[in-house]
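In what follows, a single structure is set out as structure tokens and then discussed.
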Amino acid sequence: STTSQNTLAALAELGQKILIVGCDPKADSTRLILHAKAQDTILSLAASAGSVEDLELEDVMKVGYKDIRCVESGGPEPGVGCAGRGVITSINFLEENGAYENIDYVSYDVLGDVVCGGFAMPIRENKAQEIYIVMSGEMMAMYAANNISKGILKYANSGGVRLGGLICNERQTDKELELAEALAKKLGTQLIYFVPRDNVVQHAELRRMTVLEYAPDSKQADHYRKLAA
């Protein structure tokens, strides 16, 4: 989510109109853009209002840094219900209420460690055109990236969505760049960018900001700009 928000902030700097749809029960896909702990989610607002039909678009959509529009789908309490349902409900609601009008890029920020049917909805239903997997050179991150790629392949024949490539978030493990490039090659895709580790990312996060807003002249901000370009 951190890499996603920083990259989208860089795109917004270029004058692009962005909508972020958080598809993670943690609802942390928009906090750096909104400078907030966690945005109220569509599911929690629908529960308070009675049903999703009782909500208006302005109830669920917040506007943050560089006019980026932000929505969080949310999820049920841990151990209760299907978290993927929230994604399905949210995307249907946004479509019916015109959330996608006058937007250049829609980003579905999907958690990477669970590939259940609900979370795969942006892939399955042709909502997304390209998927970028953010990973690191750690074994479990690469394992998850491989699993997600399997899911993409499953729906590739029925829909138009494709794997755009891998983005490696450096964790400073041994031979990380080589491992990331090797995985990309095995998957028949490309390593789009290798984002170096820098403490300025954590400093910005503590202030609930993207690096582009917190330290616009830093090397790290330029890395996100290159990734966005």
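Read-outs: derived from the displayed coordinates by stated rules, not from any lab. Since this is a predicted model, take the numbers as computed values, not measurements. Glycine also receives a Cβ, built like all others from the backbone with ideal geometry; neighbour counts cover every protein chain displayed.
Please arrange ARG225, ARG31, ARG162 by how many other C-beta atoms lie within 10 Å of their C-beta, fewest to most. Don't skip to the answer; put the middle values down first.
On the way: ARG225 18, ARG31 23, ARG162 14.
The fewest-first ordering by Cβ neighbours comes to ARG162, ARG225, ARG31.
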message = Antiparallel versus total DSSP beta bridges in the chain: what percent is that, nearest 5?
response = 10
query = Counting every Cα pair in the range 116-197, what percent are over 21 Å apart?
reply = 28
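Kindly provide the trypsin sites (Lys or Arg not before Pro) of the range 166-207 that DSSP labels as loop, not H, G, I, E or B, and whose Cβ sees at most 15 other Cβ atoms within 10 Å. The partial results should precede the final answer.
On the way: sites: ARG171, LYS175, LYS185, LYS186, ARG197, ARG207; in loops: ARG171, LYS175, ARG197, ARG207.
In loop regions of the range 166-207 (DSSP not H, G, I, E or B), the sparsely surrounded trypsin sites (Lys or Arg not before Pro) are ARG171, LYS175, ARG197, ARG207.
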note = So ALA229 and SER51, fully extended at 0.36 nm per residue minus their Cα-Cα distance, gain in nm 60.1 nm
key: In the range 151-187, GluC sites (Glu not before Pro) in a DSSP loop with at most 16 other beta-carbon atoms within 10 Å   = GLU170
task = Evaluate the distance, in nm, between pseudo-label points positioned 7 Å from the Cα of THR173 and of ALA156 along their respective Cα→Cβ axes.
result = 2.4
ask   = Quick one, which of (i) 135; (ii) 148; (iii) 122 is the actual volume of the Cα convex hull per residue in Å³ calculated for this model?
value = (iii)
query = Using unit Cβ charges (K, R positive; D, E negative) and no other charged atoms, how large, in debye to the nearest 20, is the dipole of the chain about its Cα centre?
reply = 700
